[in-house]
Amino acid sequence: MVTTHNLGFPRIGARRELKFALESYWKGKSSREQLVAIGAGLRQQNWEAQHRLDYLPVGDFSYYDQMLDMSFTLGNLPERVRDYGGDTLDNYFRVARGRSAESAGADASCTCGVVAGEMTKWFDTNYHFIVPEFTDDTEFNLDATRLLDQIREAKSHGVDIKPVLIGPVTYLALGKDKDNSNKLTLLPKVLRAYGQLLEQIAVEGIEWVQVDEPILVAELRPEWQAAFMTAYQELETDKVKLLLTTYFGKLIDNLSLVASLPVAGVHLDAINAQCEVELLIAALPVNRVVSLGVINGRNIWKTDLVELLDWLEPIACELGDRLWLAPSCSLLHVPVDLDSEEKIDAEIKRWLAFAKQKLEELDVIKAALEGGRESVRAELESNQSAITSRRQSSRVNNPAVRQAIASIDAQFGNRSSVYADRAAKQAEILDLPKFPTTTIGSFPQTSDIRRARRHFKAGKIDEAAYLAAMETEIARCVREQEALGLDVLVHGEAERNDMVEYFGEQLDGYAFTDFGWVQSYGSRCVKPPILFGDISRPNPMTVQWIKYAQSLTDKPMKGMLTGPVTILNWSFVRDDQPRSESCKQLALAIREEVLDLENSGVRIIQIDEAALREGLPLRQSEWSEYLDWAVESFRIAANGVADETQIHTHMCYSEFNDIIEAIAEMDADVITIETSRSDMELLDAFKDFMYPNGIGPGVYDIHSPNIPNEQHILDLMEKAAERIPVERLWVNPDCGLKTRQWEEVIPALSNLISAAKQLRSRLSPCG
């Protein structure tokens, strides 16, 4: 018998039900009871979708983030929210986003909010988690209510369950020392809380507990490797069985460590670490369960089931009942259900599998291993037909694109002059003040914008009416920025549904879904386009919008583009060629757009690379290869312009210390980054490295509804001026403003501009 299970299921709902429920609750338009009821309904739907599995995950559902859930389960609340009264859920949302619902409390402090928890990427995915905070005095006070309630809820529905926990070492490793203490000294305290948690789970009659330790696929210092042995010796118990779960990569030097830990089973990502499967089996004691992640939980392509069975059948014979099968990681990173898609190209749809379909593939594999391939012959034949169709499709390979890639030479990535010479020419043309103010690109996506887009796609309005509606919104955006007094304007991106999907829709080689949503953070969902073939740009993508916006003002207007690395990393990418090849194809397409913008008179062009760091391999020893082609791709896209054209780039929610040299190699004239939640600490890397170009440290946390006051912005910028020469500093938010409301944006930007004016008089060498 083969045991099947799942590491986690998408929690947003097939129609983003959780997103809309959260946003309604936060705005005070619905009650706590309504939010909780929708959460319960989604959990029930998820369990029904997984009913064929032998063990269903419980505890993978979250109202915002699983790491934040773990912090609250452990009672590790930031000091700034401990004095708030009211419900635990409200404090939870305060940490997540700076405040809870509009009606969460009557006192003024509840309305103004608190500093939200720092947010960063979950390993190399586009999912963001709330970073746990530690000090030398951190205490852990277990509150298992959330998990225990979900366990009881699932059991009442009659399903076989496996609770899911973030492991103690990963939890500590991904957290942040707020007082520069050594967070590893907290291990004994956190283990006591985990021990109590396992005791309470055991009381519920649970057999297996999934303990996620994905940090094991990263390079660990000896003291952290030792922490694993300490932790799992401490947590060893005969009351529940622990399935130690790793994913996203190979174990390499941690494999022998994992094999020696006193756990009942180990899960290995057999998509990324197939070469380690036999090594792990040989190293594990013969009484240990071996769970293999054989279905890709990170991408949306059908699995070649015949090829998988050819590899898996001998392993199944060797392991017998010790073999468990699952997706490689949580299915959080893929859309819910391909059957929801009615408009996608039929040929391409045959090649895809979303969360529900991946579990169906797992069911076919189990049936074939237990009953022979003949028992699922029809399913295997259908699968092979789709696999063959994709491999042979003429839509995948474009000889002209291949020829263009072959023609790239070193000069494609080089500017004509060094930064200092370019900066002098740009300053003369642009004539900007010290501490120039700008935004990152997008402005609020109002209900009018979304309605016009929806009606245009549905055929309720024609193209002329849609263009008129977008031009009206662009004109409003320009008018508001001029009234505020911003120095460099943007057109607001009213026409863009998403910073990646918008470009993908205009590139050959992409396909799109209607409901292929995945969670990025909290209620923020993205719909990654599907990169299935060679990429080319048939027509200009942004020029008409930027030219129209520039016609409305005498101030500089930024052209706004998404960079090739970010488009790649935020797409579902083809798996039949190296990612570097796809990235260079995207770079050539963006380069064409950059040159068209320049030729139309645009003198500032921003090429966002928000996901540059996200694509880093999890092991530092593998970084250089990725950074080489990622930086080369950006330079190909950006560096064909004249010295007088100023190139900006933007990055958000990443640590930059260890890739600062690569960022400098990009040679953008100005980089804007997130620093508001990290209190300008990220600028230390730019100071220590003596980063030579312009920098705009974000001073307005746009992921929180809180409005920064002028003094807060001044304090942050003065900290920035201690690290970066004032003549190279810009003042800007930390990301785009599309998710905010105009009534939040106007006062926040007004404070930002007032702060910049004060900075000019206080800190500018010229007064």
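Determine if region 595-617 includes at least one residue that is modelled with pLDDT of 95 or more, surrounded by 22 or more Cβ atoms within 10 Å (Cβ to Cβ), of a type in the set (A, V, I, L, M, F, W, C) and in a loop (DSSP other than H, G, I, E, B).
Scanning region 595-617 turns up at least one residue that is modelled with pLDDT of 95 or more, surrounded by 22 or more Cβ atoms within 10 Å (Cβ to Cβ), of a type in the set (A, V, I, L, M, F, W, C) and in a loop (DSSP other than H, G, I, E, B).
Residue by residue, here is whether (1) over 21 Å from Gly441 (Cβ atoms); (2) open to solvent by less than 60 Å² (accessible area, probe 1.4 Å) holds:
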| site | (1), (2) |
| --- | --- |
| Pro708 | no, yes |
| Leu714 | yes, yes |
| Glu718 | yes, yes |
| Ala721 | yes, yes |
| Pro733 | no, yes |
| Gln741 | no, no |
| Ile753 | no, yes |
| Ala756 | no, yes |
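Mind checking whether some residue in region 576-593 is in a loop (DSSP other than H, G, I, E, B), surrounded by fewer than 24 Cβ atoms within 10 Å (Cβ to Cβ) and either hydrophobic (A, V, I, L, M, F, W, C) or in contact (Cβ under 8 Å) with a residue 12 or more places away in the chain (or both)? Quick ask: steps written out before the conclusion?
Applying the first criterion (in a loop (DSSP other than H, G, I, E, B)) to region 576-593 yields 576-578.
Those left that are additionally surrounded by fewer than 24 Cβ atoms within 10 Å (Cβ to Cβ): 576-578.
So of that shortlist, the ones also either hydrophobic (A, V, I, L, M, F, W, C) or in contact (Cβ under 8 Å) with a residue 12 or more places away in the chain (or both) come out as 576.
Within region 576-593, one or more residues are in a loop (DSSP other than H, G, I, E, B), surrounded by fewer than 24 Cβ atoms within 10 Å (Cβ to Cβ) and either hydrophobic (A, V, I, L, M, F, W, C) or in contact (Cβ under 8 Å) with a residue 12 or more places away in the chain (or both).
Of the numbered conditions (1) in contact (Cβ under 8 Å) with a residue 40 or more places away in the chain; (2) within 29 Å of the chain's Cα centre (by Cα); (3) open to solvent by 20 Å² or more (accessible area, probe 1.4 Å), Pro433 fails exactly one; give the number of that condition.
Only one criterion in (1) in contact (Cβ under 8 Å) with a residue 40 or more places away in the chain; (2) within 29 Å of the chain's Cα centre (by Cα); (3) open to solvent by 20 Å² or more (accessible area, probe 1.4 Å) is unmet by Pro433, namely (2).
Would you mind stating whether Cys275 is open to solvent by 60 Å² or more (accessible area, probe 1.4 Å), in contact (Cβ under 8 Å) with a residue 24 or more places away in the chain, in a helix (DSSP H, G or I) and not hydroxyl-bearing (Ser, Thr, Tyr)?
On the way: open to solvent by 60 Å² or more (accessible area, probe 1.4 Å): yes; in contact (Cβ under 8 Å) with a residue 24 or more places away in the chain: yes; in a helix (DSSP H, G or I): yes; not hydroxyl-bearing (Ser, Thr, Tyr): yes.
Against the criterion (open to solvent by 60 Å² or more (accessible area, probe 1.4 Å), in contact (Cβ under 8 Å) with a residue 24 or more places away in the chain, in a helix (DSSP H, G or I) and not hydroxyl-bearing (Ser, Thr, Tyr)), Cys275 qualifies.
Does region 501-508 contain at least one residue that is over 20 Å from Leu561 (Cα atoms), acidic (Asp, Glu) and in contact (Cβ under 8 Å) with a residue 24 or more places away in the chain?
Initially, region 501-508 is screened for residues over 20 Å from Leu561 (Cα atoms), giving none.
No - not one qualifying residue is present in region 501-508.
Please state which one of Arg391, Arg395, Arg402 is open to solvent by 70 Å² or more (accessible area, probe 1.4 Å), over 30 Å from His648 (Cα atoms) and part of a helix (DSSP H, G or I).
Details: Arg395 fails: part of a helix (DSSP H, G or I); Arg402 fails: over 30 Å from His648 (Cα atoms).
The unique qualifying residue is Arg391.
Whether any residue in region 148-159 is open to solvent by 20 Å² or more (accessible area, probe 1.4 Å), at pLDDT 95 or above and in contact with a Ser or Thr (Cβ under 8 Å, 6 or more places away or on another chain) is what I want to check.
no
Could you go through region 59-72 and let me know if any residue there is among the hydroxyl-bearing types (Ser, Thr, Tyr) and at pLDDT below 95.
Keep residues of region 59-72 that are among the hydroxyl-bearing types (Ser, Thr, Tyr), which gives 62-64, 71.
Next cut, at pLDDT below 95 only: none.
Among the residues of region 59-72, not one is among the hydroxyl-bearing types (Ser, Thr, Tyr) and at pLDDT below 95, which makes the answer no.
Could you grab the pairs with beta carbons closer than 8 Å, sequence gap of 6+ or different chains, first residue in region 312-334 and surrounded by fewer than 18 Cβ atoms within 10 Å (Cβ to Cβ), second one at pLDDT below 95?
Taking only residues 6 or more apart or on different chains, the pairs are Asp321/Met1.
Within region 48-86, can you find the residues that are in contact (Cβ under 8 Å) with a residue 40 or more places away in the chain, part of a loop (DSSP other than H, G, I, E, B) and among the aromatic types (Phe, Trp, Tyr)?
Phe61, Tyr63, Tyr64
For Gln550, all conditions in the list (1) surrounded by 20 or more Cβ atoms within 10 Å (Cβ to Cβ); (2) out of contact with any helix residue (DSSP H, G or I) (no Cβ under 7 Å at 6 or more places or on another chain); (3) within 20 Å of Ser447 (Cα to Cα); (4) at pLDDT 95 or above hold save one; what is the number of the exception?
(3)
Scan region 474-512 for residues that are among the polar types (S, T, N, Q), under 30 Å from Asp345 (Cα atoms) and open to solvent by less than 10 Å² (accessible area, probe 1.4 Å) and report the count. So that I can check it myself, show each step before the final result.
Filtering region 474-512 down to residues among the polar types (S, T, N, Q) leaves 481, 497, 506.
Then keep just the ones that are under 30 Å from Asp345 (Cα atoms); that gives 497, 506.
Adding the requirement that they be open to solvent by less than 10 Å² (accessible area, probe 1.4 Å) leaves none.
Counting residues in region 474-512 that are among the polar types (S, T, N, Q), under 30 Å from Asp345 (Cα atoms) and open to solvent by less than 10 Å² (accessible area, probe 1.4 Å) gives 0.
Of everything in region 11-38, what is under 23 Å from Ala355 (Cα atoms) and under 22 Å from the mean Cα position of the chain (by Cα)? Give them in sequence order.
The answer is Arg11, Ile12, Gly13, Ala14, Arg15, Arg16, Glu17, Leu18, Lys19, Phe20, Ala21, Leu22.
Quick check: anything in region 431-439 closer than 30 Å to Arg762 by Cβ, part of a helix (DSSP H, G or I) and either touching a Gly at 6+ places or on another chain (Cβ under 6 Å) or not hydrophobic (A, V, I, L, M, F, W, C) (or both)?
no
Could you check region 624-636 and list, in sequence order, the residues that are open to solvent by less than 30 Å² (accessible area, probe 1.4 Å) and either more than 23 Å from the chain's Cα centre (by Cα) or free of Cβ contacts under 8 Å to residues at least 60 places away in the same chain (or both)?
Of all residues in region 624-636, those open to solvent by less than 30 Å² (accessible area, probe 1.4 Å) come to 626-627, 630-631, 633-634, 636.
Listed by number, the residues that qualify are Tyr626, Leu627, Val631, Ile636.
Identify all residues within region 504-519 that are outside any loop (DSSP other than H, G, I, E, B) and at pLDDT below 95; write none if there are none.
Keep residues of region 504-519 that are outside any loop (DSSP other than H, G, I, E, B), which gives 504, 508-511, 518-519.
Within region 504-519, Gly504 is the sole residue that qualifies.
Part of a loop (DSSP other than H, G, I, E, B), among the aromatic types (Phe, Trp, Tyr) and either open to solvent by 10 Å² or more (accessible area, probe 1.4 Å) or in contact (Cβ under 8 Å) with a residue 12 or more places away in the chain (or both), is that true of Phe140? Before you say what the answer is, go through the steps one by one.
Working: part of a loop (DSSP other than H, G, I, E, B): yes; among the aromatic types (Phe, Trp, Tyr): yes; either open to solvent by 10 Å² or more (accessible area, probe 1.4 Å) or in contact (Cβ under 8 Å) with a residue 12 or more places away in the chain (or both): yes.
For Phe140, the condition - part of a loop (DSSP other than H, G, I, E, B), among the aromatic types (Phe, Trp, Tyr) and either open to solvent by 10 Å² or more (accessible area, probe 1.4 Å) or in contact (Cβ under 8 Å) with a residue 12 or more places away in the chain (or both) - is met.
Can you work out which of the residues in region 390-439 that are aromatic (Phe, Trp, Tyr) and in contact with a helix residue (DSSP H, G or I) (Cβ under 7 Å, 6 or more places away or on another chain) is nearest to Ile300 (Cα to Cα)? Explain how you work it out, then say what you get.
Step one: of region 390-439, the residues aromatic (Phe, Trp, Tyr) are 412, 419, 435.
So of that shortlist, the ones also in contact with a helix residue (DSSP H, G or I) (Cβ under 7 Å, 6 or more places away or on another chain) come out as 412, 435.
On the way: Phe412: 33, Phe435: 45 Å.
Ranking the candidates gives Phe412 first.
Applying the selection to region 714-744, what residues are in a helix (DSSP H, G or I) and either charged (D, E, K, R) or out of contact with any helix residue (DSSP H, G or I) (no Cβ under 8 Å at 6 or more places or on another chain) (or both)?
Those that are in a helix (DSSP H, G or I) and either charged (D, E, K, R) or out of contact with any helix residue (DSSP H, G or I) (no Cβ under 8 Å at 6 or more places or on another chain) (or both): Asp715, Leu716, Glu718, Lys719, Glu727, Arg728, Glu743, Glu744.
Which helices (runs of 4 or more DSSP H) does region 294-382 wholly contain that include 3 or more residues that are under 15 Å from Gly516 (Cβ atoms)? Please lay out each step first, then the result.
On the way: elements: 305-319, 346-349, 355-371.
Of the helices (runs of 4 or more DSSP H) lying wholly inside region 294-382, those with at least 3 residues that are under 15 Å from Gly516 (Cβ atoms) span 355-371.
Could you check region 214-251 and list, in sequence order, the residues that are under 21 Å from Val289 (Cα atoms), surrounded by 15 or more Cβ atoms within 10 Å (Cβ to Cβ) and among the aliphatic types (A, V, I, L, M)?
Ile215, Leu216, Val217, Ala231, Leu235, Val240, Leu242, Leu243, Leu244, Leu251
The values are calculated or read from the model by the stated rules, or taken from the named source; none is laboratory data. Because the structure is a prediction, the values reported are computed rather than measured. Virtual Cβ from ideal backbone geometry, glycine too; neighbours counted across all protein chains shown. All accessible areas refer to the heavy atoms of the entire protein, side chains included, with ligands and DNA or RNA removed. Shrake-Rupley method; radii C 1.70, N 1.55, O 1.52, S 1.80 Å.
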